[in-house]
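The values are calculated or read from the model by the stated rules, or taken from the named source; none is laboratory data. Note that the structure is a prediction, hence the values are computed from the model and not measured. No Cβ is skipped: glycine too gets one built from the backbone with ideal geometry, and neighbour counts run over all protein chains shown.
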Amino acid sequence: MVRVYLHEVTKIFGKNVVALDKVELEVRSGEFMVVMGPSGHGKTTLLRVVAGLEEPTDGEVWIGDTLVASPRKGVFIPPKDRNVGMVFQNWALYPHMRVFDNIAFPLRIKKLPKAEIEKRVREIAEVLGIAETLDRYPRQLSGGQQQRVAIARALVKEPQVLLMDEPFSNLDARIRVTARAFVKDIQRKLSITTILVTHDPADSLTLADRIAVLRRGVIQQIGLPNEIYDKPANIFVANFIGDINLFEGSIVSKGNEVYFDGGDVKVQLPPGVNVQGTENVILA
Ligand SMILES: Nc1ncnc2c1ncn2[C@@H]1O[C@H](COP(=O)(O)OP(=O)(O)O)[C@@H](O)[C@H]1O
Ligand SMILES: [Mg+2]
């Protein structure tokens, strides 16, 4: 497996829509990285830049030891030569093709021999538990099954990197938990370097080896789930990762005891909290 490295990647649409702003992100070989942020903050763009569906405006994209995009160096390797599998947000299955042909599609483009295609499609369908659906059309499948077909189609090329764009947003809340467990399990089994983007903190906390938080195209923090949760870099991250209450106030010392004073809310702080130079504070 390979690492994926974005070095100061900027993507500007038109004259001034800055979708990604100097993004510095290293995804280690075999790692499950979840990039989290609100809608419209650059998540899909980040995946498309890695896949080669968008060219960055500036910066470098590396997949393994290969520089795949660098405007300054005049490098741009097209998607088909990047060995990356992508699961799109809407799954983008071909409605008029049977499941088998949907999954086989990327292999036919690569002009693999028929027997090889047959073997690889059946293998991946087996792994994903959809072997019995191969003769059906997408509309004859449940949401969860359609999603597995989309994942199978991304994996059948045996890509080095798997990209997933909000893969659970089209699923009922009821089956989302199972679908997450399933994706996590597949990722572990194949130990494939994975970037999943989502606006849902529950995805991040259940799936990620590490989480990167994106706000308006700028990475706010990268860390282990518990680091992001317990030591958020700023209010935005704190607000995003959990349901929290914020109180504005100040710090008051009485003898050895230190209090947060927010008017109606007074809280004694645990010993050892560093509150120097923090007259106006926000308690989360
Ligand atoms: N092809 C495009 N042309 C112009 N603006 C775009 C294009 N794609 C995305 N954008 C803009 O870039 C920003 C980030 O979009 P996107 O990456 O889709 O966000 P997310 O996936 O986090 O919702 C948004 O302001 C969006 O409108
Ligand atoms: Mg998106």
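Could you please let me know if VAL9 is away from ligand 2 (no atom under 16 Å from the Cβ) and buried (at least 20 other Cβ atoms within 10 Å of the Cβ)?
Working: away from ligand 2 (no atom under 16 Å from the Cβ): yes; buried (at least 20 other Cβ atoms within 10 Å of the Cβ): yes.
Spelling it out, VAL9 is indeed away from ligand 2 (no atom under 16 Å from the Cβ) and buried (at least 20 other Cβ atoms within 10 Å of the Cβ).
Suppose we keep only residues that are surrounded by 12 or more Cβ atoms within 10 Å (Cβ to Cβ) and part of a loop (DSSP other than H, G, I, E, B) within segment 242-255. Which one would you say is nearest to the chain's Cα centre (by Cα)?
GLY242
For segment 162-190, which positions are polar (S, T, N, Q) and within 16 Å of ligand 1 (Cβ to nearest atom)? Reasoning before the result, please.
Start the filter on segment 162-190 by keeping residues that are polar (S, T, N, Q), which leaves 169-170, 178, 187.
Of everything in segment 162-190, those that are polar (S, T, N, Q) and within 16 Å of ligand 1 (Cβ to nearest atom) turn out to be SER169, ASN170.
Within segment 12-33, how many residues turn out to be within 13 Å of ligand 1 (Cβ to nearest atom) and either of a type in the set (Gly, Ala, Ser) or surrounded by 15 or more Cβ atoms within 10 Å (Cβ to Cβ) (or both)? If you could, list the steps in order and put the result at the bottom.
The initial filter retains those residues of segment 12-33 that are within 13 Å of ligand 1 (Cβ to nearest atom), namely 12-21, 23.
The next check asks that each one be either of a type in the set (Gly, Ala, Ser) or surrounded by 15 or more Cβ atoms within 10 Å (Cβ to Cβ) (or both); those that pass are 12, 14, 18-21, 23.
Final tally of qualifying residues: 7.
Quick one: VAL35 ticks every box in (1) assigned to a loop (DSSP other than H, G, I, E, B); (2) more than 13 Å from THR10 (Cα to Cα); (3) within 14 Å of ligand 2 (Cβ to nearest atom) bar one, so which box is it?
The one condition VAL35 does not meet is (1).
Within segment 221-241, does at least one residue satisfy the condition of being outside the structural domain of VAL275 (by TED's automatic domain parsing), touching a Gly at 6+ places or on another chain (Cβ under 6 Å), in a loop (DSSP other than H, G, I, E, B) and touching a residue at least 12 places away in the same chain (Cβ under 8 Å)?
Within segment 221-241, none of the residues are outside the structural domain of VAL275 (by TED's automatic domain parsing), touching a Gly at 6+ places or on another chain (Cβ under 6 Å), in a loop (DSSP other than H, G, I, E, B) and touching a residue at least 12 places away in the same chain (Cβ under 8 Å).
Residue check: is VAL197 hydrophobic (A, V, I, L, M, F, W, C), within 16 Å of ligand 1 (Cβ to nearest atom) and surrounded by fewer than 22 Cβ atoms within 10 Å (Cβ to Cβ)? Talk me through it step by step, then tell me what you get.
Values: hydrophobic (A, V, I, L, M, F, W, C): yes; within 16 Å of ligand 1 (Cβ to nearest atom): yes; surrounded by fewer than 22 Cβ atoms within 10 Å (Cβ to Cβ): no.
Judged against the criteria, VAL197 is not a match.
Any idea which residue in segment 113-145 is farthest from LEU190 (Cα to Cα), counting only those that are in a helix (DSSP H, G or I) and basic (Lys, Arg)? Before the answer, list the steps.
Taking segment 113-145 first, the residues in a helix (DSSP H, G or I) are 114-127, 131-133, 138-140, 143-145.
From what is left, the residues that are basic (Lys, Arg) are 114, 119-120, 122, 139.
Details: LYS114: 24, LYS119: 18, ARG120: 15, ARG122: 17, ARG139: 28 Å.
Within segment 113-145, the match that is farthest from LEU190 (Cα to Cα) is ARG139.
Looking at VAL267, VAL281, which is the one that is modelled with pLDDT under 90, over 25 Å from THR45 (Cβ atoms) and β-branched (Val, Ile, Thr)? Full working, then the answer.
Numbers: VAL267 fails: modelled with pLDDT under 90.
The match here is VAL281.
Across segment 38-60, what is the number of residues that are away from ligand 2 (no atom under 16 Å from the Cβ) and either assigned to a helix (DSSP H, G or I) or crowded, with 17+ Cβ neighbours inside 10 Å (or both)? Can you show your working first?
Here is the first cut: in segment 38-60, the residues away from ligand 2 (no atom under 16 Å from the Cβ) are 52, 55-60.
Still in the list and also either assigned to a helix (DSSP H, G or I) or crowded, with 17+ Cβ neighbours inside 10 Å (or both): 52, 56, 59-60.
Count: 4.
Looking for something within 28 Å of SER169 (Cβ to Cβ), within 16 Å of ligand 2 (Cβ to nearest atom) and either in the same structural domain as ILE151 (by TED's automatic domain parsing) or surrounded by 15 or more Cβ atoms within 10 Å (Cβ to Cβ) (or both) - is there at least one such residue anywhere in segment 61-82?
No.
May I ask you to verify whether ALA150 is under 24 Å from ILE117 (Cβ atoms), within 16 Å of ligand 2 (Cβ to nearest atom) and assigned to a helix (DSSP H, G or I)? Quick ask: steps written out before the conclusion?
Working: under 24 Å from ILE117 (Cβ atoms): yes; within 16 Å of ligand 2 (Cβ to nearest atom): yes; assigned to a helix (DSSP H, G or I): yes.
It is true that ALA150 is under 24 Å from ILE117 (Cβ atoms), within 16 Å of ligand 2 (Cβ to nearest atom) and assigned to a helix (DSSP H, G or I).
Could you tell me which of the residues LYS73, LYS15 is in a loop (DSSP other than H, G, I, E, B), modelled with pLDDT under 95 and farther than 25 Å from VAL149 by Cα? Reasoning before the result, please.
Details: LYS73 fails: modelled with pLDDT under 95.
Checking each option against the conditions leaves just LYS15.
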